[in-house]
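Read through the structure below, which is laid out as structure tokens, and then see the notes.
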Amino acid sequence: MKIVIVGTTYPYRGGLASFNERLARQFKHEGHEVEVFTFTLQYPSFLFPGVTQLSAEPQPADLKITRSINSMYPLSWIATGNKIKQLKPDRVIFCYWMAFMAPCFGTIARMVRSSKTKNIALIHNMIPHEPTLLDRLFPSYFVQAMDGFVAMAASVEADIRHFDKSNKPIAISPHPIYDHYGAPLQKQQAALYLGLREYVSYILFFGFIRDYKGLDLLLEAFADERLRAFPLKLIVAGEFYENPEPYLSLIARFKLENHVVLRTHFIPDSEVRNYFSVADIVAQPYRTATQSGVSQIAYHFEKPMLVTNVGGLSEIVPHNQVGYVVEVQPKQIADALVDFYINNRSEKFIKNIQVEKQKYAWSKMTAAINALKV
């Protein structure tokens, strides 16, 4: 087929860009013709909480990427729609994650839709973790222009149905493994790259930091005196997307300065494997969630996980098999971490991860997209 993907990709950075690039490569691997249309302006600066939206990594040489969408400029939506329409694709896949993109994506979709060209919405979040008025006003405009949907968790399917009143086809396909970060390193080598001590055990909190990610809950749990019995540190690796002061105050309040490693800058793709290779367990103490790309990086590096029982996280982390599913409470988070280290659960969990990760191949995502009856 001829496939167009519409969404964020290089030169933008982050998990969504990585996802779309990896999806494009899978379609190419399967013999399809693929082109990606991305942004000239993704967010206006006042909507972006980080330092920069742009990647410092090299441009991917194996993908055809066209930058033409200005999220704030409707004439660019029309121009992009015309360009895609001229390609006469079989499928246009809109990688949707927030209501702010609904007007431009919905307009492009209306322009390209035809008896030949079908619009598929690949939904990361239908309703975001921190909803605003836009999340009530805009999504219907986007949803009405789609012919079918792929959700990555059952909770997302329910959110789609809230806006889709015509019962269009929906497939559920879990977030595939992020397998493009390279092979795991020996812990000694990863520790050397990061300037850390190899004999220390490490818990990893990875990704940008916002309230819904629950880092404050993890810090409170990590202050549990039972954990001081181990040579153990918490690595916080990711950029603050909000005021860091409350988190720094918690570290000071609990006297964790010597137990927490702060690497609070954006972690480029080339450094991701260092952090996962040095870690014993990956903690995701989220207050809300749909699915998580961090879990799928952990699967790739075969690292046990601790997640909270929110959204779709428990769907992909079987409790006491590949890690822990706990309630959103510091005491339960601490209990799980203590159990992990006291009872040496790592070997058992890793063996189960090696089996469980087979469920999350990229070929299963493309198969779900292709199988939609649109």
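Condition first: part of a helix (DSSP H, G or I) and surrounded by fewer than 16 Cβ atoms within 10 Å (Cβ to Cβ). Now tell me which residues in the range 188-210 satisfy that.
Passing the criteria: Gln188, Gln189, Leu192, Tyr193.
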Q: Those residues that are free of Cβ contacts under 8 Å to residues at least 60 places away in the same chain and surrounded by fewer than 19 Cβ atoms within 10 Å (Cβ to Cβ), I need them from the range 346-366; list them, please.
A: Glu347, Lys348, Ile350, Lys351, Asn352, Gln354, Val355, Glu356, Gln358
Q) Within the group Glu21, Glu57, Glu35, which residue is part of a helix (DSSP H, G or I) and charged (D, E, K, R)? A) Glu21
Q) In the set Leu41, Leu54, Leu23, which member is closer than 24 Å to Met152 by Cα, within 22 Å of the chain's Cα centre (by Cα) and not assigned by TED's automatic domain parsing to the domain that holds Thr290? A) Leu23
**Q.** Residues of the range 1-41 that turn out to be within 24 Å of Leu75 (Cα to Cα), charged (D, E, K, R) and surrounded by fewer than 18 Cβ atoms within 10 Å (Cβ to Cβ), as a count
**A.** 0
Q: Within the range 129-156, track down each residue that is crowded, with 18+ Cβ neighbours inside 10 Å and not small (Gly, Ala, Ser).
A: Asp135, Phe138, Pro139, Phe142, Val143, Met146, Asp147, Phe149, Val150, Met152, Val156
**Q.** Selection within the range 146-167 - at pLDDT 95 or above and in contact with a Phe, Trp or Tyr (Cβ under 8 Å, 6 or more places away or on another chain)
**A.** Met146
Q: Looking only at the range 307-318, decide whether some residue is surrounded by fewer than 20 Cβ atoms within 10 Å (Cβ to Cβ), touching a residue at least 60 places away in the same chain (Cβ under 8 Å) and out of contact with any Asp or Glu (no Cβ under 8 Å at 6 or more places or on another chain).
A: yes
Q.
Quick check on the range 319-345: of everything there that is among the aliphatic types (A, V, I, L, M) and in contact with a Lys or Arg (Cβ under 9 Å, 6 or more places away or on another chain), which residue is surrounded by the fewest Cβ atoms within 10 Å (Cβ to Cβ)?
A. Ile342
Q: Residues that are of a type in the set (Val, Ile, Thr): find the strands (runs of 3 or more DSSP E) completely inside the range 65-178 holding 3 or more of those.
A: 65-70
Q: Can you run down the residue pairs with Cβ atoms below 9 Å, 6 or more apart or on separate chains, where the first is in the range 150-164 and of a type in the set (Phe, Trp, Tyr) and the partner is assigned to a helix (DSSP H, G or I)?
A: Phe163/Pro139; Phe163/Ser140; Phe163/Phe142; Phe163/Val143
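The values are calculated or read from the model by the stated rules, or taken from the named source; none is laboratory data. If you're wondering where the values come from, they're calculated on a predicted model, not measured in any experiment. Reconstructed Cβ throughout: ideal geometry from the backbone, glycine too, with neighbour counts over all protein chains shown.
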